[in-house]
């Protein structure tokens, strides 16, 4: 056994196992007592009572993808910010708060400039891209 | 460091004795085994309580909505209809399980599991009290963010797998909404981490006190705004109204779980209601003082001093008070969440994105910088203590 | 005991997930298995006491990258045609001599690099006793704020570049006046 104690991760593993158990157990238990009379109509996807036209798996608008990209960038930013934010208090107590404040400021402001750029160019507008791409927009609206 | 419910319980003599006895009987160090058993029991309790709260959440939702709309609400099953959620659960289990023929079966079955795993795993760091916290991980709040993001994947896959247009649109919207609003929420959390100086739930709550003026909510103007940013963002992250676009019934039928029936739908609903509790708990922990009780009642030291109580008994009493404090605040927020749902109309998709990217995110970044400046300028003192000091110094001059 | 269990579970999840990614014929399923693999890697990080890295793995990869991949798959029309109808050989850019050659070289180079890393571990069998649960967050924060402050700032510039790049790429090429 190694010197550091990993027992703190026990609840995580137990909880994940319990989630599987609760979900699987209730489904299995239900499987024993619930009716099962499938027919073709019952198994069609709901489309307002009509027969489904084509597959739902169509090309989606690029704007969802852009949002995911911007999200990852801010995600990484937060992953970098968390440890620095965690030591800020300590640094402040030993009198190094000023330099750390400066570095946090420049770090955030560089990213904010990117956000402002996107804002000015209209990349954050949901509707503008909606107007400039009429074919795609009608598809997912 | 990394204190857990086992650390707390091992203060009592019985557990130590049991560990020693087991070590002798089994011939190896049984502390890990005992820890596992304790964790398993406590996890079972937590999951049981949370599932009940999730179930009662659906009942509360219906009853409160009925109140707000001058209806009676469920009143047949049990006194005041309080057993309605059990009846609903039995109904869910008994319902036929339909998987659409065009669906991607593997993903269809997996999606509710993912949602449930994501929500249950976050329960590990929810701070019910200083002792009764499953694991106070060093990376507590960050871990919670990571696990909660599984729900987004589950929502998306649920929508995708059904191969229904409504589900697909709902899943797409749901996932993009969840990830968008995670950004203002995360940045607000960073600003609180800045104030507290640590990521673990214990540190985050430890910087606060039992009285409202010691909460981070009233620490400085920026954290006050931050609370509302965080609360709005969590509403959106849990797909609650007014951000329930993924399941907007007037336009998307039922969104990502349109094709889900019976227990599979029930698992989505259970995950959603527990997640609402978890985010309310996090908001409580970050801004409303968490489990802190006024006058040091939580540690029980005052009881030992004044009443001459047994130390362990006083500690346990303090834990119960702390759990009460945490649950009171969290359930209060839970009520607000339900109240908001039945009060505000739903946003449009473009409004949703505008709110996130043009209002919440810039304000959250501003708050982060504001908190940093406040920490630097006032040595991390809260606005209350600053006012108190200045008043005291003015009074001292006279 | 639990350390071993956690390690075995995470390792099985990592390797099993990775194999499933390679062998699944459905792109969406491959993405889900990739999520499992990422989870396993997070568990492995937790095993060596790098708790912040494990959480970062969860937040950035399991939460961000997988969602991005799912969206990217949907961008290209999902798996409407579930399987590779043409077979591997029929795709022009794949499966000819050139690509096999490149793949071979890549495999050799990457295995040499891996060997170089593993050699150190094999040489020093007596693993130095690791320090008990030191809060890695604080250490990372201190290092980021003192020694590696330039890297910290430059990473911000890198992220800025990525942000602008993402915005520019996704912009419609021809602006219509309507």
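Neighbour counts of other C-beta atoms within 10 Å: give me B:335, B:8 arranged from fewest to most.
Ascending number of Cβ neighbours within 10 Å: B:335, B:8.
Taken residue by residue and averaged, Cβ atoms of other chains lying within 10 Å of the Cβ of B:98-107 number 5. Considering only the Cα atoms of the range B:46-136, their convex hull presents on average a projected area of 9.0 nm². For chain B, report the % of Cα-Cα distances exceeding 38 Å. So the pairs more than 38 Å apart make up 27 percent of the total in chain B. The distance linking the range C:24-71 with the range A:52-113 is 19 Å (Cα centroid to Cα centroid, whole angstrom). The spacing between the range B:162-193 and the range B:229-279, judged by their C-alpha centroids, is 11 Å. Listed peptides C:3-9, B:59-65 appear in the order B:59-65, C:3-9 once ranked by packing, highest mean of other Cβ atoms within 10 Å at the front.
Restricting the calculation to Cα atoms, the protein assembly as shown shows an Rg/Rh of 0.97 when the hydrodynamic-style radius is the Kirkwood one. Spin-label model, residue B:90 to residue A:50: label points 7 Å out along the Cα-to-beta-carbon direction sit 4.2 nm apart. Placing pseudo-labels 7 Å out from each Cα toward the beta carbon at residue B:76 and residue B:343 gives an inter-label distance of 3.2 nm. Comparing Cα centroids, the range B:351-398 and the range B:308-343 end up 27 angstrom apart. For peptide B:158-165, the mean count of partner chain Cβ atoms within 10 Å of a residue's Cβ comes to 5.
Here C:47, B:356 are placed in order of increasing Cβ neighbour count within 10 Å, fewest first, which gives C:47, B:356. Averaged over the residues of peptide C:27-37, the number of Cβ atoms from other protein chains lying within 10 Å of each residue's Cβ is 2. Legend: ranking of residues B:251, C:138 from fewest to most surrounding C-beta atoms inside 10 Å; resulting order B:251, C:138.
Label-to-label distance for residue B:393 and residue A:29 is 6.4 nm, based on points extended 7 Å past Cα in the beta-carbon direction. Quick note on the range C:1-81: its Rg to Rh ratio, both from C-alpha atoms and Rh being the Kirkwood radius, is 1.06. Rg ratio for the range B:1-79: its Cα radius of gyration over 2.2 N^0.38 Å, N being its residue count, equals 1.84.
For chain B, the relative contact order comes to 20 percent (Cα pairs under 8 Å, sequence separation of at least 6).
Helix-only arithmetic for chain B: the sum of -39500 (n - 2.57) across DSSP H runs with n ≥ 4, divided by the residue total, places the mean residue ellipticity at 222 nm at -22500 deg cm²/dmol.
Throughout, read-outs are computed from the coordinates displayed, never taken from laboratory work. Computed from a predicted structure; not experimentally measured. As a convention, Cβ positions derive from the backbone with ideal geometry for all residues, glycine included, and neighbour counts pool all protein chains shown.
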